[in-house]
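Everything below concerns the one structure shown next.
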Amino acid sequence: MADALSPKPATLRPATLAVTAGRPDHEPDAPLNAPITMASTYVAGGDLEYGRYANPTWTALEDALGALEGGRCLTFASGLAAVGTVLDLVGADSKVVVPRHAYHGTVMQVADLEARGRLRGELVDITDTDAVVKACADAALVWLESPTNPALEIADIPTITEAAHEAGAYVVVDNTFATPLLQQPLDHGVDLVVHSATKYISGHSDVLLGAVCTRDEELYGVLKGRRDLLGAIPGTFEAWLALRGLRTLHLRVERSQANASELARRLADHPAIAEVRYPGFGGIVAIVLAQGALAADLLTHKTKLWVHATSLGGVESTFERRRRWKTEAPSIPEALVRMSVGIEDVDDLWDDLVRALDDLR
Ligand SMILES: *Cc1c(COP(=O)(O)O)cnc(C)c1O
């Protein structure tokens, strides 16, 4: 096996890292891919010891994702397991700044911890940099998500990170939408990057998995300790599938992004649509239907290729009206449909969508 903890040299470019990082050494008869190591325990005397502490298949995935983010990586049972482990870093009664339009599960975790007296949450409009900078003043942790899910707002990561660090707060970026190929927050001095690897990293709508990346060895150690103790570890097969998916991340992101930007351009002229939100990169587009929530619900049931389903970042195009979830932020428009653009032919996606949109009128 490769020296599990040394990622490939940083001089390699992202597409090469996606394909090569986290592989066994090129020895005769070595498998090209990291095998699925099914083991709850290991023969004593080594470094692994027990299945809750370490697994070579996790390590292979962590090496590859860590190499792409430019830090060390720890994987978790799901994106929200990673979110919860990071929120658990702050001391009792600390203030945590959170985007009001962060992933609803993240906002709910903060609200839940606040309700139980564990911390204080302050919701902010992430596009109002001055307000976020002010909120940083007495914070212990500043949570960023950029672009936000599903509002697709962009945060000024460098400015907010500087303000947060002046206040002595940790900065976290949920990088699920951008992926490490379109945004590397650790390069802006961010302390921790969180992923729902369920989405683009795995990329095939068949895995739940989370990850945290950092350059701070102390934080890495604390988070590893929390994972050992709380046990929110990934499944071995899930880690293997996620690594298999990650091998094509660059190709999938490139095609999703090309399709998304083309669809955003075309949709802007459609009379059934009041607003198109597209941040200029990535594979997620949000549209607001001119005729309201009912039209949005109808749309999601009228297509043949576009699948009505939650989640995002898979090879297949999916969409949903986000406010169908009671837990989505009330400031998200009722008629907003979040579209996760897949890697199909863009004209087939367009034809399917336009047929359904024209049908609404
Ligand atoms: C889906 C998602 C999460 C939660 O991840 P799970 O893998 O579903 O637990 C967190 N953040 C963002 C931005 C997401 O889209």
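The values are calculated or read from the model by the stated rules, or taken from the named source; none is laboratory data. Since we're looking at a predicted model, the values are computed, not measured. Note: ideal-geometry Cβ built from the backbone for every residue, glycine included; neighbour counts use all protein chains shown. The accessibility values were calculated without ligands, DNA or RNA, using every heavy atom of the protein model including side chains. Shrake-Rupley method; radii C 1.70, N 1.55, O 1.52, S 1.80 Å.
Observations on the structure shown:
- Local electrostatic count at Gly221 - Lys and Arg +1, Asp and Glu -1, tallied over other residues with Cβ under 15 Å: -3
- Cα gyration tensor category, rounded, prolate or oblate, for region 18-77 with a/c compared to 1.5: oblate
- Taken about its Cα centre, the chain carries a charge dipole of about 660 debye when Lys and Arg each add +1 at the Cβ and Asp and Glu each add -1 at the Cβ.
- Leading residue at positive end of dipole, the chain (Cβ point charges), from Thr179, Leu267, Thr20: Leu267
- Segment Leu229-Asn33, length gained on full extension (0.36 nm per residue, minus Cα span): 67.6 nm
- Whole-Hz couplings from phi, Karplus 6.51/-1.76/1.60, listed for region 259-264; x for Gly and Pro: 5, 5, 5, 5, 5, 4
- Dipole magnitude of region 249-360, debye to nearest 20 (Cβ charges: Lys/Arg +1, Asp/Glu -1, about Cα centre): 460 debye
- Shape of region 98-244, Cα gyration tensor, a/c cut at 1.5: prolate
- Reachable lysines, given that their alpha-carbon falls under 28 Å from the alpha-carbon of Lys304 and they are not under 8 places away in the same chain: Lys199, Lys326
- Proximal charge balance of Ala232 [Cβ under 11 Å; K/R count +1, D/E count -1]: +1
- Gaussian network model of the chain, Cα within-10 Å springs - most flexible of Ala115, Ala293, Ala197: Ala115
- Accessible surface of Ser94 - all protein chains present, 1.4 Å probe, nearest 10 Å²: 20 Å²
- Asp216 versus Asp187: modelled label distance in nm, points set 7 Å from Cα along the beta carbon direction: 2.1 nm
- Positive minus negative residues near Ala329 (Lys, Arg vs Asp, Glu; Cβ under 10 Å): +2
- Taking amide H atoms as placed 1.01 Å from N in the peptide plane, the amide H of Thr176 lies under 5 Å from those of Ser196, each 5 or more residues away in sequence or on another chain.
- If you plug the beta carbon distance of Trp325 and Ala115 into 1/(1 + (r/R0)^6) with R0 = 22 Å, you get a FRET efficiency near 0.70.
- Exposure of Arg323 as accessible area (Å², to 10), given a probe of 1.4 Å and all protein chains: 50 Å²
- Remark: the chain carries 43 Å² of accessible area per residue (probe radius 1.4 Å; ligands, DNA and RNA excluded).
- Most positive-pole-ward Cα, Tyr170, Leu336, Leu80, against dipole of the chain from beta carbon charges: Leu336
- Proximal lysines relative to Lys134, as straight alpha-carbon distance under 22 Å, when same-chain residues fewer than 8 apart are discounted: Lys95
- Once exposed loop chymotrypsin sites (Phe, Trp or Tyr not before Pro) are cut out (DSSP; at most 15 other Cβ, 10 Å), longest piece of the chain: 54-324
- Taking all protein chains as they are arranged and a probe of 1.4 Å, the heavy atoms of Arg226 leave approximately 70 Å² accessible to solvent.
- Remark: region 14-25, residue by residue, has Karplus-estimated 3J(HN,Hα) of x, 4, 6, 4, 4, 7, 9, 5, x, 9, x, 4 Hz, where x stands for each Gly or Pro and the curve is 6.51 cos²θ - 1.76 cosθ + 1.60 at θ = phi - 60°.
- Within the accessible area of the chain (1.4 Å probe), percent carbon and sulfur: 54 percent
- Orientation-averaged projection of the chain equals 18.7 nm² [convex hull of Cα atoms, one quarter of hull surface area].
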